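Novice: Have a look at this one before I ask anything.
The values are calculated or read from the model by the stated rules, or taken from the named source; none is laboratory data. The shown structure was predicted, so the numbers you read here are calculated from the model rather than taken from an experiment. Glycine gets a Cβ as well: all are built from the backbone with ideal geometry, and neighbour counts include every protein chain shown.
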Amino acid sequence: MKKMFFFLLLAAIVITFIQNPCHAQTQTLELTTYYPAPFGAYDRIKLVPRAAGSELPEPCDSGTVYVSDDGNLNYCEPTAAGSPTGTWGPAAGEWERSADDNNVYPINTATNPNIKIGVGTSTPTQQLHIVSDNSDAGILIEAENDKATIIIQGQTGSNGSEFSITAEQNATNIGTVTDTPLNLVTGDPGTGGGTRLTVTDQGQVGIGTTNPARDFEIAGGFQVSNTAGAADIVFDGTTAAAANVQFRAGTNLDGNFEVDLVGNAGAPYFIVTPAGDVEINGTLSVKNAGEPVAEVQVEYVADGTNPGYYATYAP
C-alpha cells in the first residue's frame with residue numbers, strides 16, 4: 001500500500017512539471033524516503049565494510065553501527081545515558097573495551113569480580129585457566145625491545161608483597177619486588193611441609209630457618225659429596241682478612257673444634273678446646289715416604305723474655 005501511494009505521488013509531481021515546464025526550470029525537488037521502514041523483524045541484514053582509512057569520526061551518533069575493513073562490527077556507545085552522541089567501540093558481546101581503547105575486559109567485570117576466563121576449557125576454576133590436550137600449554141610474554149615481566153601481587157597496600165619474573169637481554173631475574181623475603185616452600189604444612197629455604201630482603205640465606213643470622217645459615221646438617229671426584233670445601237679469605245672456621249656452643253665461643261668419623265662410639269679423635277689445648281685420642285704418626293723416619297717437632301716461640309726452643313723426636 002505504501003509503495004503504491006509513493007508511485008502515485010511521484011506520478012502527480014511528474015505530470016505537474018510536464019504541464020508547467022517553468023517549474024521544472026526554476027525549482028529543485030528533493031525526495032527522501034525509507035522503504036522498507038527501519039523497524040520490524042528481519043532474518044538477515046548486510047552491512048558493507050568500509051574501506052581502510054574511512055573509519056567514521058567521533059563523536060558519533062549514538063546507536064550507529066558499521067563494519068570496518070578488518071571485519072569488526074563497531075558500535076557507537078552513548079557517552080552518557082540518553083546522550084545523542086558517543087564513542088566507537090566493539091558491538092555488545094562478551095567483551096568490553098575502555099573509552100581510550102587501552103583496556104579490554106569481560107562485560108560486567110565491575111559488578112561481578114568473580115568472572116573466570118577459560119582457554120581450552122568451558123569450566124575454568126581460576127580467573128584464568130588454560131587447558132591444552134594436543135600441545136604444550138603455556139603463556140608467552142615477548143618483549144621485542146625491552147624486558148618481559150610477570151608480576152604476582154599479594155595483598156595491596158604497605159603490607160603487600162610482589163613476586164616477579166623478568167627476562168632481560170642478558171639475564172633472568174626471579175624474586176620479590178617489595179622488601180619481603182623470598183621463601184621456597186614444599187609439602188603440605190599440615191603433614192610436615194613448610195619453608196625450606198629463605199632469602200631475606202637483606203640478602204641473607206637460610207636453610208631450615210626463616211631468620212638467618214649470617215649471610216648463609218643452615219639449621220641442621222649438610223653433606224658434601226661428589227661421585228665423579230673429590231668433594232672439596234674451600235675457605236678462601238681475602239688479603240685483608242683471614243678465612244676462619246668457628247664452632248660455637250650456645251651464644252659464647254666455648255665450643256670445641258672436634259673431628260670425628262661416623263661409627264666411632266668413643267670420644268672424638270681430635271679436639272681443640274677454646275683454651276687452645278689439643279687432644280688426640282689415638283696415635284699420631286708422622287711419616288716420610290711411607291716410613292716412620294720423619295721428625296716430630298714441638299716449638300716454643302720466644303716471647304721476648306724467654307728464648308724459643310724445639311723439642312724434637314726422631315726415631
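Novice: Among the residues of the range 207-218, write down those that are over 15 Å from T186 (Cβ atoms) and of a type outside the set (K, R).
Specialist: Within the range 207-218, T209, N211, P212, A213, D215, F216, E217, I218 meet the criteria.
Novice: Moving on. Under the condition of being under 24 Å from the mean Cα position of the chain (by Cα) and among the hydroxyl-bearing types (S, T, Y), which residue from the range 186-201 is farthest from E162 (Cα to Cα)?
Specialist: Ranking the candidates gives T186 first.
Novice: While we're on this one: Looking only at residues that are charged (D, E, K, R) and without any contact (Cβ under 8 Å) to a residue 24 or more places away in the chain in the range 52-96, which one is surrounded by the fewest Cβ atoms within 10 Å (Cβ to Cβ)? Steps first, please.
Specialist: Keep residues of the range 52-96 that are charged (D, E, K, R), which gives 55, 58, 61, 69-70, 77, 94, 96.
If we keep only those that are without any contact (Cβ under 8 Å) to a residue 24 or more places away in the chain too, we end up with 69-70, 77, 94, 96.
Working: D69: 12, D70: 7, E77: 20, E94: 10, E96: 17.
The qualifying residue surrounded by the fewest Cβ atoms within 10 Å (Cβ to Cβ) is D70.
Novice: What are the residues in the range 155-188 that are of a type outside the set (S, T, N, Q) and either farther than 22 Å from V205 by Cβ or exposed (fewer than 10 other Cβ atoms within 10 Å of the Cβ) (or both), if any? Quick ask: steps written out before the conclusion?
Specialist: Residues of the range 155-188 of a type outside the set (S, T, N, Q): 157, 160, 162-163, 165, 167-168, 171, 174-175, 177, 179, 181-182, 184-185, 187-188.
G157, G160, A167, E168, A171, D179, D188 - these are the residues of the range 155-188 that are of a type outside the set (S, T, N, Q) and either farther than 22 Å from V205 by Cβ or exposed (fewer than 10 other Cβ atoms within 10 Å of the Cβ) (or both).
Novice: Go through the residues of the range 157-167 one by one and say whether even a single one is closer than 30 Å to L140 by Cβ and not in a strand (DSSP E or B). Write out each step before concluding.
Specialist: Narrowing the range 157-167 to residues closer than 30 Å to L140 by Cβ: 160-167.
Filter once more, so that each one left must be not in a strand (DSSP E or B): 160-161.
Yes: the range 157-167 contains one or more residues that are closer than 30 Å to L140 by Cβ and not in a strand (DSSP E or B).
Novice: Okay, moving on. Just to verify a result, which residue in the range 87-136, among those that are among the acidic types (D, E) and farther than 20 Å from P59 by Cα, is farthest from the chain's Cα centre (by Cα)?
Specialist: If we filter the range 87-136 for residues that are among the acidic types (D, E), which is where we start, we get 94, 96, 100-101, 133, 136.
Next, only the ones that are farther than 20 Å from P59 by Cα stay: 94, 133, 136.
Working: E94: 27, D133: 25, D136: 19 Å.
This residue is E94.
Novice: Where residues in the range 227-267 are surrounded by 10 or more Cβ atoms within 10 Å (Cβ to Cβ), among the small types (G, A, S) and closer than 21 Å to F216 by Cβ, which of them is modelled with the lowest pLDDT?
Specialist: A249
Novice: Could you list, in sequence order, all residues of the range 189-200 that are surrounded by 11 or more Cβ atoms within 10 Å (Cβ to Cβ) and either modelled with pLDDT under 85 or polar (S, T, N, Q) (or both)?
Specialist: Going through the range 189-200, the residues surrounded by 11 or more Cβ atoms within 10 Å (Cβ to Cβ) turn out to be 193-200.
Scanning the range 189-200 gives T195, T198, T200.
Novice: Just need a number here: residues in the range 103-157 that are at positive phi and in contact with a Ser or Thr (Cβ under 7 Å, 6 or more places away or on another chain).
Specialist: 1
Novice: Yes or no: T198 under 27 Å from G220 (Cβ atoms) and part of a loop (DSSP other than H, G, I, E, B)?
Specialist: no
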